[in-house]
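Each remark here refers to the structure printed beneath this line.
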Amino acid sequence: MSLKRLASFFFLRKSLPFLKSIPIYIYIPKVSSRNLQPGDLVFFETYEPGPSHVGIYIGDGKMLQAGSSTGVTVSDVFGGYWGARYIGAARVL
């Protein structure tokens, strides 16, 4: 299961269209990186301009994210590969 599908499952109760990360990023309230809370969605620009990857923030600068080759992992939001691609965060709940 991709993290996008997992996030869709959790947020279905809010009736949000989670077909792609781009529509979600546009329509939900943004959160500054210094105000992140567990459960916030964090967005990254990877293979195309704009948000193309999403993770779920779990605290202490970490997120759950899924890659096609790694499956679901805990990753650092602001360092390494993801830190260079971070574009913002949003709060759904």
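The values are calculated or read from the model by the stated rules, or taken from the named source; none is laboratory data. Because the structure is predicted, anything quoted here is derived from the model rather than measured. We place every Cβ from the backbone using ideal geometry, glycine too, and count neighbours over all the protein chains shown. Protein only, heavy atoms only, side chains kept; ligands, DNA and RNA dropped before computing areas. Shrake-Rupley method; radii C 1.70, N 1.55, O 1.52, S 1.80 Å.
Structure values in brief
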| read-out | value |
| --- | --- |
| Elements of type strands (runs of 3 or more DSSP E) contained in the range 45-93, each with 2 or more residues being among the aliphatic types (A, V, I, L, M), open to solvent by less than 30 Å² (accessible area, probe 1.4 Å) and closer than 19 Å to residue 28 by Cα | 53-59, 86-90 |
| Qualifying residue in the range 13-29 (condition: part of a strand (DSSP E or B) and at pLDDT 85 or above) | no |
| First in the range 75-87 and in contact (Cβ under 8 Å) with a residue 12 or more places away in the chain, second anywhere and part of a helix (DSSP H, G or I), Cβ under 6 Å, 6 or more apart | 75/82 |
